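Here's the structure, in structure tokens; my notes come after.
Every number in this text was worked out from the coordinates using simple rules, so none of it is lab data. Please read these numbers as outputs of a predicted model, since none were measured by experiment. All Cβ positions, even for glycine, are placed from backbone atoms using ideal geometry, and neighbour counts span all protein chains on display.
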Amino acid sequence: MQVNSESILSVKDLTKSVQVEDKTLVLLQALNLNVAAGESIAIVGSSGSGKTTLLSILAGLDLPSTGQVYLKNQPLHQFNEEQRSQVRAQHVGFIFQQFLLINSLTALENVMLPAELANMPDAQVRGEALLAQVGLADRLDHYPSQLSGGEQQRVAIARAFIAQPDILFADEPTGNLDSKTGQHITDLIFDLNAKEGTTLVLVTHDAKLAARCQRQVEMDSGILTEPSALVATDDLGKDQINSKNINQSESETQTPVSQEG
Ligand SMILES: Nc1ncnc2c1ncn2[C@@H]1O[C@H](COP(=O)(O)OP(=O)(O)OP(=O)(O)O)[C@@H](O)[C@H]1O
Ligand SMILES: [Mg+2]
């Protein structure tokens, strides 16, 4: 494929299918996406449309069934788990929808972990500073079971920031936060984007968060569309004003199907 060298993330003809009993379930279809370094992009869409599935593949946590994913020009789709974990340690921050904190580690130890894996010398100082930034200076030694849902989410956010990733993937980063804390976390994420040039790929149902991103794409039943393209030209006839499918040519467009396997 032609890899756009200015893209930090480049996806070509990606599909993801899973086998459930005797059926093949198509979760992602013929997906194409380029994200420029420093860009912020929001992925929106209804529950079950495939957003988390896509994010996991983009971040090298999971593999596509077919197609290509280049992150920092590295072919994740050809890499084994160990190679992908190296790319993740060097370049990727990830805020999981379910946080995935390690229960046997304190808040501070959870946050320090990626920095230690990346051999950063000042993990503890940075970890404490980040936890203070997310408002948890007095929760450093708490275990995840001793933290509220929103506090766990903030620990996960601090952990995603600590190794200064080139690209941050966040799955509903404000999903468990009240609006004031959510606003604060949103500001932190966009500060990172502005100051460090961190690329942001955010999955969110939060309209305010999505609106702060430079670009919004929508996932619908495993198909990615770019709704912002719909208002690019004022003089389009109303019947032409449809979401532009950025995955497929029109003739290929179809709804996801379960195929007998
Ligand atoms: N390993 C799997 N096996 C079978 N089905 C799966 C698997 N992983 C995900 N799915 C299904 O794929 C669909 C997309 O799941 P996904 O978690 O990506 O949705 P989502 O858009 O993130 O939804 P939400 O907004 O609720 O988080 C869902 O219908 C889910 O049940
Ligand atoms: Mg999800």
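Legend: calculated FRET efficiency, GLN78 to SER179, from the Cβ-Cβ distance at R0 = 35 Å, rounded to 0.05, equals 0.25. Just so you know, the Rg over Rh for the chain is 0.98, from Cα atoms, with Rh as the Kirkwood radius. Extending 7 Å from Cα along the Cβ direction at GLN164 and again at GLN146 yields two label points whose distance is 3.2 nm.
Ranking request for peptides 12-23, 184-195: highest mean number of other beta-carbon atoms within 10 Å first, then the rest in descending order. Walk me through the intermediate numbers first.
Values: 12-23: 14.1, 184-195: 16.6.
Output ranking for 12-23, 184-195: 184-195, 12-23.
Residues whose amide H falls under 5 Å from that of GLY45, counting only those 5 or more places apart or on a different chain, are MET219, with hydrogens built in the peptide plane.
Look at where the Cα atoms of the range 6-20 and of the range 100-154 average out, and the two centres are 31 Å apart. Note on the range 84-131: Cα-only Rg and Dmax are 11.0, 29 Å. Could you work out the local net charge near GLY175, counting Lys and Arg as +1, Asp and Glu as -1, over the other residues with Cβ closer than 14 Å to its Cβ? Net charge around GLY175: -2.
Computed on the range 7-260, with alpha-carbon pairs under 8 angstrom and 6+ residues apart, the relative contact order is 27 percent.
Here the spin labels are modelled as points 7 Å beyond Cα on the Cα-Cβ line, and at ASN103 and SER85 they lie 2.1 nm apart.
Report summary: the helix-based calculation at 222 nm, which adds -39500 (n - 2.57) for every DSSP H run with n ≥ 4 and divides by the residues of the chain, gives -9000 deg cm²/dmol.
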